[in-house]
Amino acid sequence: MNILALVSSYRKKGNTARIVQMIVAHLDAMAERHNESLTFETLYLGDMDLQMCRGCRTCFDQGEEKCPLKDDIPAIKAKIDAADGIIFASPVYVDDVNGIAKNVLDRLAYLCHRPGFAGKCAFPLVTVGSSPTHHALRTLNGALLTWGFHLVGQAGFKMGALMPQAEVGSRFQSETAKVAEKLFRAVVQQQAQRPSWISLIVFKVQQLAWQREPPDSYDYAYWKAQGWLDPSCTFYVQPRASRVKVALARLVGVVAARVLT
Ligand SMILES: Cc1cc2nc3c(=O)[nH]c(=O)nc-3n(C[C@H](O)[C@H](O)[C@H](O)COP(=O)(O)O)c2cc1C
């Protein structure tokens, strides 16, 4: 089991890093209890060479390998490719994810067209001073879902400017344990093959959108190569879900596609 945490705060001893470290400790303990081998890595995005998306659309139209920016984005993508599950952790800045996180979402936006992370689990989390977290979590959820991830849950931690380590430990013991448990179970039980309603609906909306694309487009070729344009294909991976659930979700997807696209 290979889990990766992306931490978008520059503060390596900050609130977000502290929460992630607690989750890692719980994951380690769970892996030991269940006799599972666990590889865990934390990527501090602030340490990485990340240029801002220029909006040239080359990744969309010609493929991500043609991106004119030469930096650490392919390395981050490769780390996620190698993971079974990820934690995407950001501090809240002015009601949303911080700039580093948003830039990573923008730089990987081609994955909204070509959901390369299907079959993997993700747990978005944010830390915040005191305000609500739903806006920032929505930003993360929306991106991760359209990239193909199975969303295991979400969490927001209210921590002020910088919560002392001892207080983090006493206040968030049970909440971080719950995050670890959900992620652990989801990865071990391969829950990504048991899609949620929303994942099935998103797949149908995307399928309808790409079926209408010009056949010579990069995205169309990708969807075709995966077999996802075939009308009988109901999800990125063979779904373990009841036929009724799949059929109903696809019906909702047809209606949603009319409204959204
Ligand atoms: C530029 C900036 C903007 C912030 N905006 C908000 C905000 O809108 N609402 C809030 O409650 N806290 C806000 N905060 C506080 C952080 O969200 C909070 O302290 C967070 O846990 C910091 O995480 P870190 O220590 O991992 O960087 C902001 C902090 C900074 C530096």
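The values are calculated or read from the model by the stated rules, or taken from the named source; none is laboratory data. Not measured: the values here are computed from a predicted model. Backbone-built Cβ (ideal geometry, glycine too); neighbour counts: all protein chains shown. Note: accessible area is taken over every heavy atom of the protein model, side chains too, but ligands, DNA and RNA are not part of it. Shrake-Rupley method; radii C 1.70, N 1.55, O 1.52, S 1.80 Å.
In table form, for the structure just shown:
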| read-out | value |
| --- | --- |
| Selected residue (only one of Arg250, Arg258 is in contact with a helix residue (DSSP H, G or I) (Cβ under 8 Å, 6 or more places away or on another chain), farther than 13 Å from His113 by Cβ and of a type in the set (Lys, Arg)) | Arg250 |
| Unmet requirement for Ala118, which otherwise passes all of (1) open to solvent by 40 Å² or more (accessible area, probe 1.4 Å); (2) modelled with pLDDT under 95; (3) among the hydrophobic types (A, V, I, L, M, F, W, C) | (1) |
| Cys112 being under 13 Å from the mean Cα position of the chain (by Cα) and farther than 15 Å from Ser9 by Cβ | yes |
| Exclusive hit being assigned to a strand (DSSP E or B) and modelled with pLDDT of 95 or more, set Val187, Val168, Val126 | Val126 |
| Selection count where residues are free of Cβ contacts under 8 Å to residues at least 60 places away in the same chain, surrounded by 16 or more Cβ atoms within 10 Å (Cβ to Cβ) and either away from the ligand (no atom under 16 Å from the Cβ) or not charged (D, E, K, R) (or both), scope the range 157-193 | 1 |
| Residue check, Gly142 surrounded by fewer than 22 Cβ atoms within 10 Å (Cβ to Cβ), more than 10 Å from the ligand (Cβ to nearest atom) and on the phi > 0 side of the Ramachandran plot | no |
